[in-house]
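Please treat every number below as a calculation from the coordinates, not as lab data. Because the structure is a prediction, the values reported are computed rather than measured. FYI the Cβ positions are ideal-geometry reconstructions off the backbone, even for glycines, and counts take in every protein chain you see.
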Amino acid sequence: MMGKVLIAAPVHPVLTNRLLQLGFELVLALDIKQATAPELVTSVVGIITSTRLQLDKALLDAAPQLQWIGRMGSGMEVIDVAYATAKGVTCFSSPDGNANAVGEHALGLLLSLTKNIQKSSLQVMKGKWLREENRGLELEGKTIGIIGFGHTGKAFVKKLRGFDMNILVYDKYQQDPTEEQVTFCDDLSLIYQQAEIISFHVPLQEDTHHYFNNDFLQQLKNNIILLNTSRGTVVETTTLETGLETGKIIAAGLDVFEEEPPAQMSNKILEKFQQVSLRSNVIITPHIAGYTHDALYKMSRILAEKITLLSND
């Protein structure tokens with residue numbers, strides 16, 4: 001027996017079957033709570049998690065036998081990676097597993113907003129047949145600023161190439177000269193000057209918290225369509241509200257919000273969320289961009305491969 005593995009996130013059988021083949025004992029706790037997690041991790045050697053658990057110092061200290069943590073998805077902010085590494089715990093994720101799903105979702109948000117798909121469909125349900133009021137925009141020739149060029153940023157750009165858009169990319173950490181039909185920016189100045197659409201694809205870390213803030217908004221030359229399929233706190237809610245009220249933000253497609261879900265929002269954020277979500281030029285989805293059946297399989301397969309390599313070392 002290789003030891004116990006806590007499964008604290010939905011996974012595909014390709015992962016659980018592989019864990020069993022490797023000789024692990026599985027502890028399933030898909031409805032795990034942070035308060036009860038310490039008693040479940042005392043004897044585990046591995047943890048599969050997503051966003052439900054915060055693997056902070058206290059929880060890591062409660063798991064003296066822990067050897068590795070596998071993250072379903074990309075955001076490692078739910079894990080104190082530095083502390084885990086110092087304790088000899090290997091941490092890995094599967095960002096390439098749901099990148100295509102997020103890219104497709106971002107494109108869906110953009111198309112729905114520019115073609116008034118959701119807005120007009122809801123009107124039809126109410127017996128309204130408004131054509132001129134729903135005259136849309138074409139993506140061809142428009143300039144989009146992609147902020148963050150990791151797995152999801154690249155996946156989104158791949159979808160956009162067929163629309164003959166001007167694609168500006170800014171990434172603090174990387175540039176890829178092999179990418180075609182993309183202009184890499186040394187800083188945000190060109191995006192501020194030219195972008196008509198801005199899409200965020202960055203991890204949550206200190207320098208991305210409230211990345212889209214009032215200073216960012218004021219530097220934009222054009223009124224823009226805003227997309228965020230990364231992390232909710234990347235977009236400051238007050239700035240979002242201000243931008244929508246002034247028309248600086250023409251429309252917004254958000255898969256995440258500064259605090260989520262609504263049941264866990266502070267009163268201040270909940271009030272703003274309710275106001276924003278009622279706008280006809282806003283689409284908010286419940287953090288499902290990476291939640292496809294295909295992504296569940298791909299993320300699980302990737303973790304299965306990484307755990308197999310680790311177990312064979």
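Here are the numbers for the structure shown:
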read-out	value
Extended-chain gain in nm, criterion 0.36 nm per residue less alpha-carbon gap, N312 and A35	96.4 nm
Expected-Rg normalisation [2.2 N^0.38 Å, Cα atoms] applied to segment 221-310	1.37
Phi-based couplings in Hz for segment 62-69 (Karplus 6.51, -1.76, 1.60; Gly and Pro marked x)	7, 10, x, 9, 5, 10, 8, 10
Note, ³J(HN,Hα) from phi for segment 287-298, Karplus 6.51, -1.76, 1.60, rounded to Hz, x at Gly and Pro	6, 10, 3, x, 9, 10, 4, 5, 5, 4, 5, 5
Estimated D of the chain in µm² per second, where Rh is the Kirkwood radius over Cα pairs and Stokes-Einstein applies at 4 °C, 1.567 mPa s	62
For peptides 130-136, 28-34, sequence by mean Cβ density within 10 Å, most packed first	28-34, 130-136
Out-of-range pairs (alpha-carbon distance over 24 Å; input K142/K248; K142/K221; K158/K272; K115/K158; K57/K298; K159/K298)	K158/K272; K57/K298
Nonlocal amide H pairs with L28, under 5 Å, H built at 1.01 Å	I7
Dipole magnitude of the chain, debye to nearest 20 (Cβ charges: Lys/Arg +1, Asp/Glu -1, about Cα centre)	800
Sorted peptide list for 202-214, 229-241, 98-110, criterion being average Cβ within 10 angstrom, highest first	98-110, 229-241, 202-214
Relative packing of peptides 62-69, 249-256 - highest average C-beta neighbours within 10 Å first	249-256, 62-69
Nearest-ten-degree value, helix 237-246 long axis tilted from longest Cα axis of the chain	10
Dipole of the chain [Lys/Arg +1, Asp/Glu -1 at C-beta], most positive-end residue of L244, A155, M125	M125
Contour minus Cα-Cα distance for K268 and D215 (0.36 nm per residue)	16.9 nm
The chain: angle of helix 95-114 to the longest principal axis, Cα-based, in degrees nearest 10	20
